[in-house]
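Presented below is the structure to which this report refers.
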Ligand SMILES: [Zn+2]
């Protein structure tokens, strides 16, 4: 089931390459590396605030995007 939907999406829209991103926590300033297509919720290692929320596609960045690692 999952494989079928992935294939379908690839036909409709060629997926851009996933990238690593550096996200800063707005609450405590901790910076950590995540993934711009994270499939799980990424939380701050220090205060546990949600920084990246998965959507099934490109993740929603709830923290501050510091930079993108190419
Ligand atoms: Zn934090």
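The values are calculated or read from the model by the stated rules, or taken from the named source; none is laboratory data. These figures come from a predicted structure and were not determined experimentally. Virtual Cβ from ideal backbone geometry, glycine too; neighbours counted across all protein chains shown.
A few comments on the model shown:
- Every pair of residues 6+ apart whose Cβ atoms lie under 8 Å, when the first sits in segment 17-35 and is closer than 17 Å to residue 70 by Cβ while the second is near the ligand (Cβ under 7 Å from one of its atoms) and in a loop (DSSP other than H, G, I, E, B): none
- Test: residue 23 is at pLDDT 95 or above and not in a loop (DSSP other than H, G, I, E, B): yes
- Condition check for residue 29: at pLDDT below 95 and either assigned to a loop (DSSP other than H, G, I, E, B) or surrounded by 14 or more Cβ atoms within 10 Å (Cβ to Cβ) (or both): no
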